[in-house]
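FYI, it's all coordinate maths here, none of it is from the lab. Quick caveat: nothing in here was measured; it's all calculated off a predicted structure. Reconstructed Cβ throughout: ideal geometry from the backbone, glycine too, with neighbour counts over all protein chains shown.
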């Protein structure tokens, strides 16, 4: 059974998210530990997907003065292709909308661009390098419900 759990900030509560990110970003993609642990986790809202109590996918939201930034989306290699990351993304987008962020942005690794486009994100600007990996900025406006505000 797949379950989602939200976490806020402290290092101990983020152990599962960090374990997934270590496998995907540091071990698989060769990102340095310093770049992966950028110091912003305490200010972010984190989501972890568990399959039978095993952490398998994660993502986070960082809210700045002007932006709702989705990032650090990662799924263990053994669990890819099963729609888990899509579920994580939909939950992150919905959370942004609930908090008033009807525009979400992210910096996608270019190999994942099509994944985010299927979720309604649109690329803007030029490609750039981050942690030695090509990226593109992308934005999304609302959800299919266009961040409907219930009143």
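Values for this structure:
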| read-out | value |
| --- | --- |
| Burial ranking of peptide ranges 132-139, 104-111 (average Cβ count within 10 Å, highest at the top) | 104-111, 132-139 |
| Cα-based shape type of region 1-99, given that a ≥ b ≥ c are square roots of the gyration tensor eigenvalues and the cut on a/c is 1.5 | oblate |
| The chain: calculated mean residue ellipticity at 222 nm from DSSP helix runs of at least 4, using -39500 (n - 2.57) | -5500 deg cm²/dmol |
| Sites residue 115 and residue 1, calculated FRET efficiency, Cβ-Cβ separation with R0 25 Å, nearest 0.05 | 0.55 |
| Share of alpha-carbon pairs per 10 Å distance bin for region 41-151, given as whole % | 14, 45, 35, 6, 0 |
| Percent RCO, i.e. relative contact order, over region 1-103, from Cα pairs under 8 Å lying at least 6 residues apart | 27 |
